[in-house]
Amino acid sequence: MANQTTPLGSPWMTPEDAAEYLGIAIGTLRNWTSARYIPFARRGRVVRYHREQLDKWLSKDSCPGRTTFANTAD
């Protein structure tokens with residue numbers, strides 16, 4: 001398979017770039033794509049991942065975290 005690249009500055013990522021961006025193995029990304037768990041675009045056999053869609057997907061249903069520290073001193 002030929003090494004496919006995306007233009008610099010493009011928001012579209014190859015599977016290899018998307019896996020690295022997400023910090024997961026390429027096999028995991030392929031499994032998630034097959035299960036339609038993660039947002040992606042396919043044109044023929046070419047699969048790409050949009051950076052903004054991945055960011056939205058990551059932040060969806062995320063824990064907002066604490067806004068203040070609890071007083072732990074007695």
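Just so you know, in region 49-68 the residues that are acidic (Asp, Glu) and under 10 Å from the mean Cα position of the chain (by Cα) include one that is surrounded by the most Cβ atoms within 10 Å (Cβ to Cβ), and it is 55.
Residue-by-condition table, conditions (1) surrounded by 12 or more Cβ atoms within 10 Å (Cβ to Cβ); (2) more than 23 Å from residue 60 (Cβ to Cβ); (3) more than 11 Å from the chain's Cα centre (by Cα); (4) of a type in the set (A, V, I, L, M):
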residue	(1), (2), (3), (4)
11	yes, no, yes, no
15	yes, no, no, no
20	yes, no, no, no
23	no, no, no, no
32	yes, no, no, no
35	no, no, yes, yes
39	yes, no, no, no
42	no, no, yes, no
47	yes, no, yes, yes
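Here, each number is a calculation from the coordinates, and none is a lab measurement. What you are looking at is a predicted structure, and each value in this text was computed from that prediction instead of being measured. Reconstructed Cβ throughout: ideal geometry from the backbone, glycine too, with neighbour counts over all protein chains shown.
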